[in-house]
Amino acid sequence: MKAKSFSLALILVPLGLLAQNGENVYKQNCALCHDSGAERTPSRETLRSMTADAVLGAMEFGPMISMSNRLSTAERRAVAEYVAGKTLQSLQLTPKAEAMCKANAAGANLLAGPQWSGWGVNLENTRFQSAAAAGLNAGNVGKLKLKWAFAFPGDLNAYAQPTVSGGRVYTGSQSGLVYSLDAASGCVHWYFQAGSGVRTAPVLASVGGSVLAFFGDQAGWAYAVDAATGKQVWKIRPESHPFARLTGAPVFHKGRLYIPISALEEAAAADPKFECCVFRGSVVAVDAATGKQIWQGFTITEEPKPTRKNKIGVQQYGPSGAPVWSSPTIDEKRNAIYVTTGDNYSDPPTRTSDAFVALDMDTGKMLWSRQMSENDAYSVACRMPDKTNCPDENGPDLDFGSSPILVTLPNGKRALVAGQKSGVVHALDPDQQGEVLWQTRVGKGGSLGGIQWGSAADNANVYVALSDIGRIALSFTQSTDADPKAGGGMFALRLQDGKQVWHTPPPPCGQRARCSPAQSAAVSAIPGVAFSGSVDGHIRGYATTSGKIVWDFDTMRTYETVNGVPGRGGAMDGPGPAIAGGMLIVTSGYGRWGGLPGNVLLAFSIDGK
């Protein structure tokens, strides 16, 4: 089925004309979400802190495209100026000359030395770095100090997982700029402008004699660039659906790149006039050298068909959804790829939503699936006053944002382990068609609750950070804010049977404004220490033997940055730290769900030098 097209065109119009209708356009099209505290939408306070150009960028090619593509160019620009309270102006996104590296890096071995490449360090997505590669241990983690800070100009969310390799740090940004930075100093070797925000972790690999960096953007485009120069090698859109996006990091293996596909069509369904929904999640395998597609394996094998008409007569379609939000996991023994999936966007619900799914690595054919939550058909309409496009099942929106972790248990059996938004951690047997080994509840769960972006595992335990972020109503408004007394906590579960080894409650927020103890970001680990970022702005290291906090850094402050751009830390959500070569590198700033925005990449080392 052909999805509706949309335009990314930008036409300049007189600013005086725009000022006349911005408020009306906002009230008619935007206020329902932004003034009511709807999940996944920034508040008016956050919008007011943005530049008009940043707001326009979000509508033109960022996360708001699904809501704003029906507006004219004049209307979009009017809204940008109205909500920001500022006139549109040019913003220098590219690095200043003084931020560029002075030394000639030609001939550098970009795959040498310790690496953290991609989302989970290795094909098994354990997010566990060995002592040798980490260059850190339980004995010296407490000495970590800030080495340098880099700021993303114009951004309010720092949400990309950094990659470390060959003495460089590679990272994307909300503005779509992808950087190659010097790990020692933070200077810029090169930068590349993608078409939209980049939150996937870059993946480095040797292909045809060159080292390439692979990543994807929020408009659904995948890129390969020369890791030495930033020059584009290829660019493809592996899924044609207009709302498709790339959130999970791609995976490289034996000359192929495996790209997970998600979409925001469930957000477009908030409009009762939208014909919901026809997107199906998938993994696309391409030739890493050329970007040529080899296969596409769908998480829903049945193509969507017309189902019913909603109460205003708009045609609905299904089945749909089951996106792949996170990075795939490779099983060389089984020649299989494992992913976790999201919910269905429309009726009828399927058996492959909220599930572990195994695909054949050669063909993309589905080998098996195991569903963790049944009948979870859900769209943004379900939490709006106008529920016209809400599926009959009405959620509860308990999909997976965590990659499956492939581990070998002490008894020799293997397991796939992943936490879910339900608040439950699951372990499945990949050698027995996904037979459930154990399930352990660590939280209440919810649409923003449970385990959000993933855990880390060593050879004994899986280390799980709990979100369970709470929402409270603000007086005399329809808005909500993060509850400073709800959510958070760190757990260690035994891989053998899921039994709790320890639990560390979250430190309280105190009187800090816009604070939540929720721990939504992904966990990273080294021998003896697991690291977890919190919506309260802290990054903490926990002793894996006891759960004791052995290192704590408050990122929520202003920074003097190496690139001369004003920098501020904020809430921590999404990615976790990249750890390699004696350094810990992490982003800070996430202006959603009531958290404080920010725009920095922070690099720590033991000596801070």
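The values are calculated or read from the model by the stated rules, or taken from the named source; none is laboratory data. Keep in mind that what you see is a predicted model, and the values were worked out from it rather than measured. Note that each Cβ is placed from the backbone with ideal geometry, even for glycine, and that neighbours are counted across all protein chains shown. The protein model used for the area step is the full one, side chains on, heavy atoms only, and it has no ligands, DNA or RNA in it. Shrake-Rupley method; radii C 1.70, N 1.55, O 1.52, S 1.80 Å.
Seen through its C-alpha gyration tensor, with square-root eigenvalues sorted a ≥ b ≥ c, the range 171-235 comes out oblate because a/c lies at 1.5 or above while a/b is not bigger than b/c. Between Ala112 and Ile294, the simple spin-label model (points 7 angstrom out along Cα→Cβ) gives 3.0 nm.
Residues whose amide H lies under 5 Å from that of Ala201, counting only those 5 or more places away or on a different chain, are Gln161, Ala249; hydrogens are built 1.01 Å from N in the peptide plane. Antiparallel beta bridges, as assigned by DSSP with both residues in the chain, represent about 95 percent of the total such bridges. The residue list Gln315, Thr341, Leu367 was ranked by how far each Cα lies along the charge dipole of the range 302-377 toward its positive end, using unit charges on Cβ atoms, and Gln315 comes out on top.
Across the range 593-604, computed HN-Hα scalar couplings (Karplus, 6.51 cos²θ - 1.76 cosθ + 1.60, θ = phi - 60°) run 6, x, x, 6, x, x, 8, 10, 10, 10, 10, 10 Hz from first to last residue, x flagging Gly and Pro. Here the simple spin-label model places points 7 Å from the Cα toward Cβ, and for Thr545 and Asp392 these points are separated by 5.8 nm. Database note for the chain: Cys without another Cys beta carbon under 4.7 angstrom, Cys30, Cys33.
Please go through the residue pairs Lys254/Lys365; Lys421/Lys485; Lys333/Lys421; Lys365/Lys421; Lys102/Lys235; Lys145/Lys548 and name each one whose alpha carbons sit more than 22 Å apart in this structure. Cα-Cα > 22 Å for Lys333/Lys421; Lys365/Lys421; Lys102/Lys235; rest within.
Each Cα pair under 8 Å and six or more residues apart adds its sequence gap; the mean of these over the residue count of the chain is a relative contact order of 14 percent. About its Cα centre, the range 216-270 has a charge dipole of approximately 300 debye under the convention of +1 per Lys or Arg Cβ and -1 per Asp or Glu Cβ, with nothing else charged.
Entry note, the range 541-609: relative contact order of 23 percent, from Cα contacts under 8 Å with a spacing of 6+ residues. Only one item in (i) 24.0; (ii) 26.4; (iii) 27.8 matches Kirkwood radius over Cα pairs in Å derived from the coordinates shown, and that item is (i). Between Ala31 and Gln439, the contour length at 0.36 nm per residue exceeds the Cα-Cα span by 142.8 nm.
Rolling a 1.4 Å probe over the heavy atoms of the protein chains gives the range 99-199 an accessible area of 31 Å² per residue. Extending 7 Å from Cα along the Cβ direction at Lys273 and again at Cys101 yields two label points whose distance is 5.1 nm. Taking all protein chains into account, the per residue accessible area for the range 393-463 stands at 31 Å² (1.4 Å probe). For the range 121-135, putting each phi into the Karplus relation 6.51 cos²θ - 1.76 cosθ + 1.60 with θ = phi - 60° gives couplings of 6, 10, 5, 7, 6, 6, 6, 10, 10, 5, 4, 5, 6, 5, x Hz, in residue order, rounded to whole numbers and with x for Gly and Pro. Amide H to amide H distances under 5 Å link Ala336 with Asp331, Met361, where only residues 5 or more positions off or on other chains count and H is placed in the peptide plane.
The slack between Asp360 and Thr558, meaning 0.36 nm per residue of separation minus the straight C-alpha distance, is 66.5 nm. The amide H of Gln452, built 1.01 Å from its N in the peptide plane, has Ser467 as neighbours under 5 Å, considering only residues 5 or more places off or on other chains. Counting only protein heavy atoms and a probe of 1.4 Å, the accessible surface of the range 222-283 is 49% carbon and sulfur.
Only protein atoms count toward the accessible area here, which uses a 1.4 Å probe; on the range 338-442, the carbon and sulfur part of that area reaches 45 percent. With an a/c value of 1.5 or above and a/b larger than b/c for the gyration tensor axes a ≥ b ≥ c computed over the alpha-carbon atoms, the range 287-370 is described as prolate. Contact order, relative form, for the range 235-372: 20 percent (alpha carbon pairs under 8 Å, 6 or more residues apart, mean separation divided by residue count).
Per-residue Karplus couplings for the range 554-560, computed as 6.51 cos²θ - 1.76 cosθ + 1.60 with θ equal to phi - 60°, are listed in order as 8, 7, 7, 6, 8, 9, 8 Hz, Gly and Pro entered as x. Only the Cβ atoms of Lys and Arg (+1) and of Asp and Glu (-1) were treated as charged; on that basis the dipole of the chain about its Cα centre amounts to roughly 620 debye.
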